[in-house]
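The values are calculated or read from the model by the stated rules, or taken from the named source; none is laboratory data. Treat the numbers as computed from the prediction; the structure is a model and nothing was measured. With ideal geometry, Cβ positions are generated from the backbone for all residues, glycine too; neighbour counts draw on all protein chains shown.
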């Protein structure tokens, strides 16, 4: 029985990271049913209960040391862990976990990472040093591969795969319809979901989005719902968007949903307009067309990989462009995305490669 420790941004009610952990756990158990998993989390009780794993607190150094000392493999779980835009301290934290794993002579894999941006010269050198010690690195997009090359990490140990969340199976839309019914949302009209987060110091992007939402409600006769991906942090931005709209029937789905519920909801939408990366990935999993609003290179990287629609940087987009893109998406035939099927296959390689390290 393999013993694997998983490190990442878990236990903080971020839908994307929780979906990532769900996908990683399922893919590992699919490869080895009896695998022994320990997850480093900000909320060990919640993580252990939700995912049926052992879990230790991310700021319990003795427990982390013990778990790593007794494991066969450390997985630095997917997502944008190695970047210094959100916090330099978080980058140092994840690098320290990786370095500790190597100090204890353990196999270490960076699992479906999105790399960068790393702006500090000192942190770029440190990231190169630590990542070069890893046994294997898989990255979820080409931009991350290029960034590792710029850092100076030898590419022989790097594989381009795809985001782990793409391995999740589609959810039953019946559950989504039941959830929408609780918020008095029906499917009498096509539903356009908008996922926003707070960003920057002003609300210009929310005002432009409100204009676009009003135009779509009037011209396309759609129901607008606002979907907070990180709960309750994103509710504030959703409320500001709702207040900026002239049409007052936009509904905020003001609740904490798990991964299955997010996917089920997504399947009920005709279109997603999203800032959060994993809102876009949930839409992709459920074969729902999406339009991305980019606030981070990880958005650009994913949209390029799936050859989706990116309206541009959040600071610069205008409502008219968003409305036109939304109209095109709503009026086009929804066909299967062959590129997405290829990426799902690539995403499944992450777990296979993890177990190959242990052979």
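For segment 23-49, name all the residues that are surrounded by 20 or more Cβ atoms within 10 Å (Cβ to Cβ) and within 28 Å of residue 197 (Cα to Cα). Result: 23, 24, 25, 39, 40, 41, 44, 47. For residue 134, the conditions (1) surrounded by fewer than 24 Cβ atoms within 10 Å (Cβ to Cβ); (2) part of a helix (DSSP H, G or I) are fulfilled apart from (2).
The residue list 125, 102, 89 contains one member that is part of a helix (DSSP H, G or I), under 24 Å from the mean Cα position of the chain (by Cα) and more than 22 Å from residue 305 (Cβ to Cβ), which is 89.
Here residue 260 meets each of (1) surrounded by fewer than 21 Cβ atoms within 10 Å (Cβ to Cβ); (2) more than 16 Å from the chain's Cα centre (by Cα); (3) closer than 26 Å to residue 187 by Cα with one exception, condition (2). Taking helices (runs of 4 or more DSSP H) as the structural unit, those lying wholly within segment 237-311 and holding at least 3 residues that are in contact (Cβ under 8 Å) with a residue 40 or more places away in the chain and touching a strand residue (DSSP E or B) at 6+ places or on another chain (Cβ under 7 Å) correspond to 297-306.
Evaluation of residue 249 against the conditions (1) under 26 Å from residue 297 (Cα atoms); (2) modelled with pLDDT under 95; (3) more than 19 Å from the chain's Cα centre (by Cα) shows that the sole unmet condition is (1).
Scanning segment 41-80 for residues that are under 29 Å from residue 299 (Cα atoms), in contact with a helix residue (DSSP H, G or I) (Cβ under 6 Å, 6 or more places away or on another chain), modelled with pLDDT of 95 or more and assigned to a strand (DSSP E or B) yields a count of 3. Name every residue in segment 137-170 that is in contact with a helix residue (DSSP H, G or I) (Cβ under 9 Å, 6 or more places away or on another chain), more than 19 Å from residue 75 (Cα to Cα) and not in a loop (DSSP other than H, G, I, E, B), in order of residue number. Selection gives 142, 143, 147, 149, 150, 151.
Within segment 14-34, is even one residue assigned to a strand (DSSP E or B) and within 18 Å of residue 350 (Cβ to Cβ)? Give the derivation first.
Restricting attention to segment 14-34, the residues satisfying the condition of being assigned to a strand (DSSP E or B) are 14.
Next cut, within 18 Å of residue 350 (Cβ to Cβ) only: none.
No, segment 14-34 has no match at all.
To keep it simple, each residue is scored yes or no on (1) within 20 Å of residue 283 (Cα to Cα); (2) assigned by TED's automatic domain parsing to the domain that holds residue 327; (3) touching a helix residue (DSSP H, G or I) at 6+ places or on another chain (Cβ under 6 Å).
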| position | (1), (2), (3) |
| --- | --- |
| 219 | no, yes, no |
| 224 | yes, yes, yes |
| 228 | yes, yes, yes |
| 237 | no, yes, no |
| 241 | no, yes, yes |
| 251 | yes, yes, no |
| 257 | yes, yes, no |
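Among the residues here, residue 354 qualifies as assigned to a helix (DSSP H, G or I) and either under 24 Å from residue 80 (Cβ atoms) or modelled with pLDDT of 95 or more (or both).
Residue 341 - would you say it is assigned by TED's automatic domain parsing to the domain that holds residue 218, under 20 Å from the mean Cα position of the chain (by Cα) and without any contact (Cβ under 8 Å) to a residue 40 or more places away in the chain?
Numbers: assigned by TED's automatic domain parsing to the domain that holds residue 218: no; under 20 Å from the mean Cα position of the chain (by Cα): yes; without any contact (Cβ under 8 Å) to a residue 40 or more places away in the chain: yes.
So residue 341 fails the test.
Can you tell me which residue within segment 107-122, out of those that are surrounded by 20 or more Cβ atoms within 10 Å (Cβ to Cβ) and within 24 Å of residue 2 (Cβ to Cβ), is farthest from the chain's Cα centre (by Cα)? Please lay out each step first, then the result.
From segment 107-122, those surrounded by 20 or more Cβ atoms within 10 Å (Cβ to Cβ) are 108-116, 118; that's our starting set.
If we keep only those that are within 24 Å of residue 2 (Cβ to Cβ) too, we end up with 108-113.
Details: 108: 22, 109: 19, 110: 16, 111: 13, 112: 11, 113: 11 Å.
Among residues in segment 107-122 that are surrounded by 20 or more Cβ atoms within 10 Å (Cβ to Cβ) and within 24 Å of residue 2 (Cβ to Cβ), the one farthest from the chain's Cα centre (by Cα) is 108.
In the condition set (1) more than 19 Å from residue 132 (Cα to Cα); (2) modelled with pLDDT of 95 or more, residue 97 is compliant with all but (1). Close contacts from segment 209-234, counting a first residue that is in contact (Cβ under 8 Å) with a residue 24 or more places away in the chain and on the phi > 0 side of the Ramachandran plot and a second that is assigned to a loop (DSSP other than H, G, I, E, B) and surrounded by fewer than 23 Cβ atoms within 10 Å (Cβ to Cβ), with Cβ to Cβ under 9 Å and a gap of 6+ residues or different chains, come to 221/189; 221/190.
Any chance you could count how many residues in segment 105-122 are part of a strand (DSSP E or B) and on the phi < 0 side of the Ramachandran plot? Walk me through how you get there before you give the answer.
Of the residues in segment 105-122, the ones part of a strand (DSSP E or B) are 107-115.
Going one step further and asking which of them are on the phi < 0 side of the Ramachandran plot, we end up with 107-111, 113-115.
So the count comes out to 8.
On the stretch given as segment 64-86, residues that are under 18 Å from residue 112 (Cα atoms) and under 16 Å from the mean Cα position of the chain (by Cα) total 8.
Every listed requirement among (1) in contact with a helix residue (DSSP H, G or I) (Cβ under 7 Å, 6 or more places away or on another chain); (2) under 18 Å from residue 161 (Cβ atoms) is met by residue 273 save one, (2).
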